[in-house]
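Student: Here you go, one structure.
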Amino acid sequence: MKNVLFVCTANLQRSPTAEKMFQGWDGLWEARSAGIMPDPEGKPLTQKLVDWADIILVMEHLQALYVRARFRRAAGKIHVLGIADRYYRDGPELKHELQKKVPPILEKY
């Protein structure tokens, strides 16, 4: 199995939705999620998660900058999805965006 880490800001809406959608995707991927500034209910981004990940999919450039600055070894693993913080957890619009943007990246690995 390969490991994909989804990162957003609070780990409340976008990254948990992506984790749920792509857990076990195509029988090849294990998924987890984290936030750079997690809500008390969210999971924080840690070195352990960064090391675990084969690929890190961040929602916006802000998260990419944060990950690169704090976890220098992660720079080559990061891909920006370009999904703004305007969606609700498990919402159909968010799922549509994720379904459109994530598989083409995972298929390259």
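The values are calculated or read from the model by the stated rules, or taken from the named source; none is laboratory data. The shown structure was predicted, so the numbers you read here are calculated from the model rather than taken from an experiment. Don't worry about glycine lacking a Cβ; one is built from the backbone with ideal geometry, like all the others, and counts go over all protein chains shown.
Student: Does GLY82 qualify as being surrounded by fewer than 20 Cβ atoms within 10 Å (Cβ to Cβ), under 12 Å from the mean Cα position of the chain (by Cα), of a type outside the set (Asp, Glu) and within 18 Å of LEU12 (Cα to Cα)?
Tutor: Yes: the conditions hold for GLY82.
Student: Checking MET1 against (1) within 19 Å of TYR88 (Cβ to Cβ); (2) surrounded by fewer than 14 Cβ atoms within 10 Å (Cβ to Cβ): exactly one of these is not met. Which one?
Tutor: (1)
Student: Follow-up. It is to be established whether one or more residues within segment 63-78 are in a helix (DSSP H, G or I), in contact with a strand residue (DSSP E or B) (Cβ under 9 Å, 6 or more places away or on another chain) and among the polar types (S, T, N, Q).
Tutor: The answer is yes, given that some residue of segment 63-78 is in a helix (DSSP H, G or I), in contact with a strand residue (DSSP E or B) (Cβ under 9 Å, 6 or more places away or on another chain) and among the polar types (S, T, N, Q).
Student: Ok, one more. So which residues in segment 53-74 are surrounded by fewer than 13 Cβ atoms within 10 Å (Cβ to Cβ) and within 14 Å of the chain's Cα centre (by Cα)?
Tutor: The one that is surrounded by fewer than 13 Cβ atoms within 10 Å (Cβ to Cβ) and within 14 Å of the chain's Cα centre (by Cα): HIS61.
Table: residues versus (1) surrounded by fewer than 16 Cβ atoms within 10 Å (Cβ to Cβ); (2) modelled with pLDDT of 95 or more; (3) of a type in the set (S, T, N, Q).
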{"position": "LEU5", "(1), (2), (3)": "no, yes, no"}
{"position": "ASN11", "(1), (2), (3)": "no, yes, yes"}
{"position": "GLY35", "(1), (2), (3)": "no, yes, no"}
{"position": "GLU41", "(1), (2), (3)": "yes, no, no"}
{"position": "GLN47", "(1), (2), (3)": "yes, yes, yes"}
{"position": "ILE78", "(1), (2), (3)": "no, yes, no"}
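Student: May I pose another question? Just to be sure, is GLU30 of a type outside the set (S, T, N, Q), in a loop (DSSP other than H, G, I, E, B) and either surrounded by fewer than 18 Cβ atoms within 10 Å (Cβ to Cβ) or over 12 Å from the mean Cα position of the chain (by Cα) (or both)?
Tutor: Against the criterion (of a type outside the set (S, T, N, Q), in a loop (DSSP other than H, G, I, E, B) and either surrounded by fewer than 18 Cβ atoms within 10 Å (Cβ to Cβ) or over 12 Å from the mean Cα position of the chain (by Cα) (or both)), GLU30 does not qualify.
Student: On to the next question. Pairs needed: first member in segment 51-66, small (Gly, Ala, Ser); second member anywhere, at pLDDT 95 or above and buried (at least 24 other Cβ atoms within 10 Å of the Cβ); C-beta distance under 9 Å; at least 6 residues apart or different chains.
Tutor: As it stands, the answer is ALA53/VAL4; ALA53/LEU5; ALA64/VAL7; ALA64/ILE56; ALA64/VAL58, since those pairs meet every condition given.
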